[in-house]
Amino acid sequence: MSLRELAVEAKRRGRRGRLLTFKEIHRIRRRGYEAERELVKRLRFHGFGAVRVPVSAPSSEPLPDVFAVKGDRLLAFEVKAPRAERAYFREDQVRKLFEFLDLFEIYPRKLAVLGASFPYKWVFKLVEKPDNYVIHRGEKGNFRLDRIV
């Protein structure tokens, strides 16, 4: 078995070590894309200029899932759409948000936001530093889109 085949097989393993089918992988990714598109619609409704960054593969480039601008504020979002009770955000994903925000010196207010789209509920968390984060379904977020002026 080649190194590439080993990498593909390792990537297809689910949380419990079970091999995921391509259909399951596609369904998980589609849920994430739909959540990102819904967030862009919500941001635009609240007066933001928002764009989804379609990156189909993990990249070393510091690109967020969604970024938005309103007035003197630039927001970078990492979005998850779990079906379970919690969403996990790895430190390297959060670090990319801060690297992206550092590229734009012209904006005085730059915010890194984690968003979890649970069924029928969004939870947003504003983060100050790169670290591992968990957002629970029942938790109250510390960030609201309608409070940004």
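To the nearest 10, the accessible area of Arg95 is 100 Å² with a 1.4 Å probe. Number of Lys-Lys pairs in the range 60-149 with C-alpha atoms under 18 Å apart and a separation of 8 or more places or on different chains: 12.
Assuming 0.36 nm per residue, please report the length gained on full extension of the stretch Arg144 to Tyr33 beyond their Cα-Cα distance.
Numbers: separation 111, 0.36 × 111 = 39.96 nm, distance 2.11 nm.
The span from Arg144 to Tyr33 would gain 37.9 nm if fully extended.
Taking all protein chains into account, the per residue accessible area for the range 57-149 stands at 56 Å² (1.4 Å probe). Round to a whole number: what % of the accessible area of the range 102-149 belongs to carbon and sulfur, probe 1.4 Å? The C+S portion of the solvent-accessible surface of the range 102-149 is 51 percent. Accessible area per residue was computed with a 1.4 Å probe on protein heavy atoms; Phe104 scores about 70 Å².
How much solvent-accessible surface does His26 expose, in Å² to the nearest 10, with a 1.4 Å probe and all protein chains in place? Approximately 110 Å² of His26 is accessible to the 1.4 Å probe. Ranking Asp131, Asp65 by solvent-accessible area of protein heavy atoms (1.4 Å probe, all protein chains present), from largest to smallest, gives Asp131, Asp65. When the GluC sites (Glu not before Pro) in the range 54-127 are filtered for DSSP coil states and for at most 13 other beta-carbon atoms within 10 Å of their beta-carbon, the remaining sites are Glu85, Glu105. Using a/c under 1.5 as the rounded threshold, could you call the range 33-127 rounded, prolate or oblate? The axes a ≥ b ≥ c are square roots of the C-alpha gyration tensor eigenvalues, and prolate needs a/b larger than b/c, oblate otherwise. Since a/c reaches 1.5 but b/c is at least a/b, the shape of the range 33-127 is classed as oblate. Put Tyr33, Tyr120 in order of accessible area, highest first, and with a 1.4 Å probe you get Tyr120, Tyr33.
The values are calculated or read from the model by the stated rules, or taken from the named source; none is laboratory data. This structure is a prediction, so every number in the text was calculated from the model and none was measured. FYI the Cβ positions are ideal-geometry reconstructions off the backbone, even for glycines, and counts take in every protein chain you see. Calculation scope for accessible area: heavy atoms of the full protein, side chains included, ligands and nucleic acids excluded. Shrake-Rupley method; radii C 1.70, N 1.55, O 1.52, S 1.80 Å.
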